[in-house]
Amino acid sequence: AQKVTQAQTEISVVEKEDVTLDCVYETRDTTYYLFWYKQPPSGELVFLIRRNSFDEQNEISGRYSWNFQKSTSSFNFTITASQVVDSAVYFCALRNSGYALNFGKGTSLLVTP
Amino acid sequence: GAGVSQSPSNKVTEKGKDVELRCDPISGHTALYWYRQSLGQGLEFLIYFQGNSAPDKSGLPSDRFSAERTGGSVSTLTIQRTQQEDSAVYLCASSLDPDNTQYFGPGTRLTVL
């Protein structure tokens, strides 16, 4: 069975603060893929990043960074110097041998000025 | 280029009526997916198409739900005899091939009265 847990339901920060969104996954497969998607108030899911299970290298893209640790089955997402436009619901997802994405429940991030 | 498009954006129907939801994938994408997003259940996979065939229908909640894809492009999700619990946002995604990243459309919000 596969499962994605995003324990943080809601996070509220003040602009320019750093914030980390946690994602813990469970799978028995050795080959799998992890994703983060952003869902702004407009509702459309926007792809942010994809990692495969054989690539534990951390990634940085502008203010966004991702920390993948197989030892703790975690794929955490950090936003540095948050901005109001970062306010959204963020979903972590897992895909293993099938093609369906298994999503976590999402973390709602509110960034206030 | 154009992203995934879905129509209608909103659909209000009465309990017991049939509804059809349409998805136009990104041009050239061979794989197409339907998901459902509801408050209680989060994001759930419904069905996956590769070309015009559906190798994985495991997420369809009942036999009232069906989907087809024609010409390797447009897909229609049909819900017969709608129930109030069918109220949700229905999201369509497509990918270049099954191993690639899924890109989502804006969704159809279905309300069953």
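The values are calculated or read from the model by the stated rules, or taken from the named source; none is laboratory data. If you're wondering where the values come from, they're calculated on a predicted model, not measured in any experiment. Note: ideal-geometry Cβ built from the backbone for every residue, glycine included; neighbour counts use all protein chains shown. Remember, those area values only see protein heavy atoms, side chains included, never the ligands or the DNA or RNA. Shrake-Rupley method; radii C 1.70, N 1.55, O 1.52, S 1.80 Å.
For chain A, the Kirkwood estimate of the hydrodynamic radius, built from every pair of different alpha carbons, is 14.2 Å. The mean number of partner chain beta-carbon atoms within 10 angstrom of a residue's beta-carbon across peptide B:36-46 is 3.
Using all pairs of distinct alpha-carbon atoms, the Kirkwood hydrodynamic radius of the stretch B:73-113 works out to 12.0 angstrom. Over all other residues within a Cβ to Cβ distance under 10 Å of A:L110, the charged ones net out to -2, with Lys and Arg as +1 and Asp and Glu as -1. When nucleic acids and ligands are ignored and a 1.4 Å probe is applied, A:T9 ends up with an accessible area of around 100 Å².
Roughly speaking, to the nearest percent, how much of the protein assembly as shown's 1.4 Å accessible area is carbon and sulfur? Within the protein assembly as shown, the accessible surface is 47 percent carbon and sulfur.
Take chain B with all the other protein chains still there, run a 1.4 Å probe, and you get 47 Å² of accessible area per residue. What quantity of accessible surface, computed with a 1.4 Å probe and excluding non-protein components, is buried in total between chains A and B, in Å² to the nearest 100? That pair hides around 1500 Å² of surface in total. Computing FRET efficiency as 1/(1 + (r/R0)^6) for B:V12 and B:D97, where r is the C-beta to C-beta distance and R0 is 41 Å, gives about 0.70. Largest accessible area first, the listed residues B:R109, A:R28, A:R50 line up as A:R28, B:R109, A:R50 when surface is computed with a 1.4 Å probe on the assembled protein chains.
All other residues with a Cβ under 9 Å from the Cβ of B:R81 taken together, and with Lys, Arg as +1 and Asp, Glu as -1, what is their net charge? Here the charged neighbours net out to +2.
A simple count of charges around A:D86, restricted to other residues whose Cβ falls under 12 Å of its Cβ and scoring Lys, Arg +1 and Asp, Glu -1, yields 0. Every Cα-Cα pair in the protein assembly as shown was counted, and those over 25 Å apart are 42% of them.
Could you let me know the centre-to-centre spacing of the stretch A:74-113 and the stretch B:1-15, using Cα atoms, in angstrom? After rounding, the separation between the Cα centres reads 24 Å.
For the protein assembly as shown, the residue among A:G104, B:H29, B:I79 whose Cα projects farthest onto the positive side of the dipole built from Cβ charges is B:I79. Centroid-to-centroid, using Cα positions, the stretch B:42-85 and the stretch A:1-58 are 26 Å apart. Spin-label model, A:S71/A:E26: points 7 Å from Cα along the beta carbon direction are separated by 2.3 nm. Eigenvalues of the alpha-carbon gyration tensor of the stretch B:1-91, scaled by 5 and square-rooted, set the equivalent ellipsoid semi-axes at 22, 14, 13 angstrom, largest first.
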